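FYI, it's all coordinate maths here, none of it is from the lab. These figures come from a predicted structure and were not determined experimentally. Because the Cβ atoms are built from the backbone with ideal geometry, glycine has one as well, and the counts that use them run over all protein chains shown.
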Amino acid sequence: MMTLMNIQTFTIVSGKAVCNASCPYCVSKMTGLNEVIIKEKQINFRNFKKACRLAQISGVSTVLITGKGEPVLYPEQITNYLDHLQEYNFPLIELQTNGLLLIQKKYDRFLKKWLDLGLGLIAISIVHYDRKKNQQIYTPGKDYPDLKELVKKLHKLDFSVRFSVTMSLGLIDSPEEVEKIVWFAKDLEVEQLSFRPVAKPKLSESAKVTAWVKEHEIPTGRLQAIIEFLEKKGHRLITYGHGAVLYDLDGQNVCLTDALTIRPETENIRQLIFFPDGHLRFDWQYKGAVLL
C-alpha cells in the first residue's frame, strides 16, 4: 500500500493545451494533452477540494500552478484556483510560466490580485542567460522579453523569482555555462535557480520532440562534470527524497534536479498533480499513476 508521506509539491494544471512559445523539447507534447480542459467552467472543483485536503493532511507546503500549455494565457483561471485555495492556507504558492506575457502592463492587475491571494513566487522557464538564445528556443522570429526588466518588475511587485533552467547540449551544458548563469541570476538578485537536464519520458507521444531531445541530451560525462562543479564550488544544503540537491553557491540558491517523478524503489510519492477534469495523479507520463 502506497504511503502518502514526504509529498513535496501539490501541482495544479491550469489553462488549455495552448502555448505562446515553441519549445522544441516540450514535455507536454511528449506526455500527452488529453487531460486539459476546453472551458473554465469544466474544472471539477468537487474533486479539487478533495485534492487540496489530501495535500493538506499529507504535509504539503508548496503548491505549484502550471500548465500543459502556458497557464498565464488564462489569467482568470489562475485567479479562480487561487480563490479556491484560500481555505487551505498553504504557505508557499508558486506559478510556473515562460514569462512572455508578464512583462506586459495589462497583466499588472492580475499579478497584484494573485499576490493578494497568496501567490508568492513566479518560476520563469529559461534555457540561457543570453536573450537571443532564449529567443531562438521560445520565440523564434519574434521578440523575447528582457529578463532583467521582467525580474525587476516582479520584485517591485513583491514577488520572489526562480529561474527554471532546462539544460541542453549547445546551451547550458558545462560547468562554465552553469557558473555564468549562476552569476547572471545572482546579479539580478533572483531568489532561486534550478537546473533540470532535458529529458524524454519512456513512452513519448511526439516523435518530433523526442528526436530533438535525443540530439540535445547532455552526455553523462558533461553532466557529471556539472555535478562535480556544484559539489566543489557550492555548499550542499539539502538532498531531497526524489534525488534533487540544493546548494548554496556564493550566496545563490541553486537546485539540481531531474525530470523523473516516480522512484519505484520507495513507497513515497514526490508530488500530487491535479488535472482540471478532476483526476489526481502522481506522475506526468504514466496514466496508471492515478489516485482519484
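For residue 155 and residue 112 in one chain, what is 0.36 nm times their gap in residues minus the Cα-Cα distance, to one decimal in nm?
Working: separation 43, 0.36 × 43 = 15.48 nm, distance 1.19 nm.
Contour length minus Cα-Cα distance gives 14.3 nm.
Calculate the spin-label point distance for residue 232 paired with residue 291, positioning each point 7 Å from the Cα along the beta-carbon direction, and give it in nanometres.
Spacing of the two 7 Å Cα→Cβ label points: 4.1 nm.
Residue 62's amide H: which non-local residues (gap 5+, or another chain) put their own amide H closer than 5 Å, with H modeled 1.01 Å from N in plane and none for Pro or chain starts?
Distant-sequence amide H within range of residue 62: 10.
Pick out, in residue order, every one of the trypsin sites (Lys or Arg not before Pro) in region 169-211 that is DSSP loop and has at most 13 other C-beta atoms within 10 Å; say none if there are none. Don't skip to the answer; put the middle values down first.
Values: sites: 180, 186, 202, 208; in loops: 202.
Taking region 169-211 and a limit of 13 other Cβ atoms within 10 Å, the loop trypsin sites (Lys or Arg not before Pro) found are 202.
Which one, 210, 220, 79, has the greatest fluctuation when you compute a Gaussian network model over the chain with C-alpha springs under 10 angstrom?
220
What order do you get for 46-54, 135-143, 95-103 when each peptide is scored by the mean count of other beta carbon atoms within 10 Å, highest first?
Numbers: 46-54: 16.6, 135-143: 14.7, 95-103: 21.8.
Descending packing order for the listed peptides: 95-103, 46-54, 135-143.
Give the lysines reachable from residue 186 as a straight Cα distance under 18 Å; neighbours fewer than 8 places away on the same chain don't count.
148, 152, 153, 156, 233
Return the FRET efficiency for the residue pair residue 220, residue 133: r is the Cβ-Cβ distance, R0 is 35 Å, and the value is rounded to the nearest 0.05. Kindly include the intermediate steps, with their values, before the conclusion.
Details: r = 24 Å, r/R0 = 0.68.
Calculated value: 0.90.
What number comes out for the charge environment of residue 123, summing +1 per Lys or Arg and -1 per Asp or Glu over other residues with Cβ under 15 Å away?
Here the charged neighbours net out to -1.
GNM on the chain, C-alpha springs below 10 Å: top fluctuator among 109, 162, 222?
Greatest mean-square fluctuation among the candidates belongs to 109.
Give a residue-ordered list of calculated ³J(HN,Hα) values for region 60-77 (Karplus: 6.51 cos²θ - 1.76 cosθ + 1.60, θ = phi - 60°; whole Hz; x for Gly, Pro).
Karplus values, whole Hz, x for Gly and Pro: 5, 9, 10, 10, 10, 8, 9, x, 7, x, 9, x, 5, 5, 10, x, 5, 5.
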